[in-house]
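The values are calculated or read from the model by the stated rules, or taken from the named source; none is laboratory data. Fair warning: this is a prediction, and the values are worked out from it, not measured in the lab. Backbone-built Cβ (ideal geometry, glycine too); neighbour counts: all protein chains shown. For the accessible areas, the whole protein counts, side chains as well, though only heavy atoms, and no ligand, DNA or RNA atoms are used. Shrake-Rupley method; radii C 1.70, N 1.55, O 1.52, S 1.80 Å.
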Amino acid sequence: LVGIYQQSTQDIRAALDSISAAQARLNRFFDGKGYGFSLTRNHYDLPEPDDAIKRLHKAVWSALVDRLEIRKLLSLARINDLDKQLETGEGLPEITAPNVLAMLESNLNNAGQYLEEKVRETYEWLRPERSSYKTNQESVSHGVGRKIILTWYMVRRCYSGRGFQVNYDRQNNLRALDQVFHLLDGKPPFGQTYNGAVCDAIEAQTKDGGNSFETDYFRGRCFGNGNLHLEIKRSDLLGRFNAVAGGARLQDTNP
């Protein structure tokens, strides 16, 4: 991938330089008649080689991050920082094999720290400070319990009127939750679909008109008011989750 990028940047730079030179030559010899030759559609100026390579540089880094599935290791806060960097290009190193390997090794070496951050972030999301639901109140006082009620329009009915989907702006939270429990179980969350098992299960298992779903780690029900009732199946992983997040005072995860 790095080799293809490096060869392509050389070809693009050479091609743009060649086209610019041809256009300048035409204008130099024919511009006396006011033709103003342009080889681009709608007479747009050709991009400068440096500008074109700069845009390509950001796009290829984004593609490499996707291929390496780096986001699956990161907390949502770190993902937001990464996405901003990919958008602006600030601080992105040159695309070389050593630099790509260094980025991968750095993220893998810090995987433990990233897991703790992701656990704490997910822990706080599952423990709403104010809730009228007794189930959630217990989670606030004792750490995350086995059953949680997720509100704020977590899900919505499909356009067909049958089945449910996770609202787009809530997918990241459920994806992170699923990744955390995979990692706590010693199963790297790589190789899954982008949305993760929970989001996929909700859509696939409710499409025939039901509202229940189940995965390896969770089961739950979706409701028309947007609420999602979630139950954590593995009490051992829940205990580990609370301990990592600083909620070790929850000794018994059973109701």
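Could you quote the convex hull projected area for the range 180-220, Cα atoms only and averaged over all directions, in nm²?
Mean shadow area of the hull around the Cα atoms is 2.9 nm².
Highest mean first, what order results for 4-15, 216-227 on Cβ atoms within 10 Å?
Ranking, from highest mean packing down: 216-227, 4-15.
Quick one: accessible surface of R55, probe radius 1.4 Å, all protein chains present, in square angstrom to the nearest 10.
For R55, the solvent-accessible surface is approximately 140 Å².
As an exercise, use a Förster radius of 45 Å and the Cβ-Cβ distance of D11 and D169 to find the FRET efficiency, rounded to the nearest 0.05.
After rounding to 0.05, the efficiency reads 0.65.
Got a number for the accessible area of V155? Probe 1.4 Å, square angstrom, nearest 10.
The accessible area of V155 comes to roughly 0 Å².
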